Each structure stands twice: as C-alpha cells, then as structure tokens.
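Where a number appears in this text, it was derived from the coordinates with a stated rule and is not lab data. None of the values given here were measured: they were computed from a predicted structure. Note: ideal-geometry Cβ built from the backbone for every residue, glycine included; neighbour counts use all protein chains shown.
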Amino acid sequence: MSSVIKDEGARIVDAIFERMRKTQKIDKKVTVIKSVEDLVEVTGMWETAVKRHEKQILEKGIERGIERGIEKGIEKNKIENTLKLIEKGMDNSFIHEITGLSLKEIRALRKEKKKV
C-alpha cells in the first residue's frame, strides 16, 4: 500500500514540476524535486511568483482605470464647456476650435440643448 501511495505521490510531483517547467520555461534537464521538502519549497516559490504576477495585473488594472477616468473627465469637461459656449451664442466652428469636439458632436449637443 505504501508503495502505491509513494508512486502516486511521485506522479503528482512529476505532473506539478512538468507544469512549472512549461509555464516558467525551466530547462527540462533540471530536476530539483527529490523529496516532499523540495516540493514544499518549490510550491512556495510558485505561490510567490503567482502572487507577484497577480499584483502586477492588479496594478496595471488600477493604472488603466485611472487613465480611463481621466479621459472621461476631460471629455465631460469638453461637453460642459461646449454647452456653455452654445449658451453664449458662439458658432460651431469657434466651439470646435476651442474644445476640439467635432462639428457633428457640437451639432448634436446643440440639438439636444434645444430639446431641454
């Protein structure tokens, strides 16, 4: 019975290490797992690498979220300024020059403002 458990354990260790070789691009000649202690150490290293990767993904997501928020804020500001310029009676080409919005966007805002 113990030989069956040992063989199954060795198979699991081999499968784990093979997965690590593929994902971490470890040379196939390298064989570092010879005991449960080695497996625990390698598993700890693997978990550390995964946590580091997760942190990088999270940081990148936060960075993208901030960038999108800034972009939306800039766009909202352009629209608010366009509406103010429309209220002041400015023509579309002047508003385009000041805000950078397209003439089509300005006409749509002007039309929307008339509805309100």
With the charge dipole of the range 35-115 built from beta-carbon charges (+1 for Lys and Arg, -1 for Asp and Glu) about the Cα centre, the Cα from G61, F94, W46 projecting farthest to the positive end belongs to F94
Taking 0.36 nm per residue of separation and subtracting the Cα-Cα distance, what length does fully extending S93 through V40 add? 12.2 nm
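Looking at this model, which pairs from K76/K113; K60/K113; K51/K76 are more than 27 angstrom apart at the alpha-carbon?
Beyond 27 Å between Cα atoms: K60/K113; K51/K76.
Beyond 22 Å, what share of the Cα-Cα pairs of the range 35-115 remains, rounded to the nearest whole percent? Write out the running numbers ahead of the final one.
On the way: 1762 of 3240 pairs.
Counting pairs separated by more than 22 Å, the tail of P(r) holds 54 percent.
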